[in-house]
Structure formats: structure tokens, C-alpha cells
């Protein structure tokens, strides 16, 4: 893979930490599929993701994501991270990311409270 996945992952997680919907959505393909514990059935498409992120970021405290490790896989990468939540709390998470070029086509998020 020609993409520097560690740098890509760090930039992407920074957009999550910054709650920057425009910058974050630029990482995703128009027809992306996104799944996390709050979206059990998943979301399809950039418009649905944008709407979800806008609501999510408005309803959550500041959350700082710190990359831990990344592993290349066929078609993308897996990345583990830590998230410190303002006011207390910490999560460890893991993303499965399938890329279409340099855009995220599939993102499955798994989290654990620490």
C-alpha cells in the first residue's frame, strides 16, 4: 500500500478529536458504510454520516483520540486508539478501515470502556 497508514490514521483521528465534520467527512467515500456501537445497522453514504456526526459531536463532551497501532490489511488497515473523555472516562477502540483509493469505503468501529 502506497499510503502511509500511520500518518493517515493520525490525521483522521485528529479530525475526530477536533469534531471537524467537514474535514472528517473528506476522509470518507460518497458511498461509504459506517458502523459503530450507536449505529447497529450502520449508515450508508456521506450525507447520512455527516448528519450522524453533527448530532454526535453536539451531544458529546470533548474527546481526544490518540493513535496506538496500525496494521495494513488487504484493501486497508486496522488501527487501535485510546480516547480520553473530558470530565472523566477513557476508551480503547479499534477501527477496521477498507479504502477506495485514499477514501474510506467501510469503517467499522469497536470500543471498550477502560
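The values are calculated or read from the model by the stated rules, or taken from the named source; none is laboratory data. Computed from a prediction, not measured in an experiment: that's the story for all the values here. All Cβ positions, even for glycine, are placed from backbone atoms using ideal geometry, and neighbour counts span all protein chains on display.
Some points to look at:
- In segment 63-101, the residue that is surrounded by the fewest Cβ atoms within 10 Å (Cβ to Cβ) out of those that are under 20 Å from residue 25 (Cβ atoms) and more than 14 Å from the chain's Cα centre (by Cα) is 101.
- Looking only at residues of segment 40-54 that are in contact with a strand residue (DSSP E or B) (Cβ under 9 Å, 6 or more places away or on another chain) and outside any helix (DSSP H, G or I), we find that the one that is farthest from residue 109 (Cα to Cα) is 45.
- Strands (runs of 3 or more DSSP E) contained entirely in segment 61-114, each with at least 2 residues that are modelled with pLDDT of 95 or more and under 12 Å from residue 5 (Cβ atoms): 63-73, 76-85, 90-100
- One residue from 13, 56 being surrounded by 13 or more Cβ atoms within 10 Å (Cβ to Cβ), free of Cβ contacts under 8 Å to residues at least 24 places away in the same chain, under 23 Å from residue 113 (Cα atoms) and out of contact with any helix residue (DSSP H, G or I) (no Cβ under 6 Å at 6 or more places or on another chain): 56
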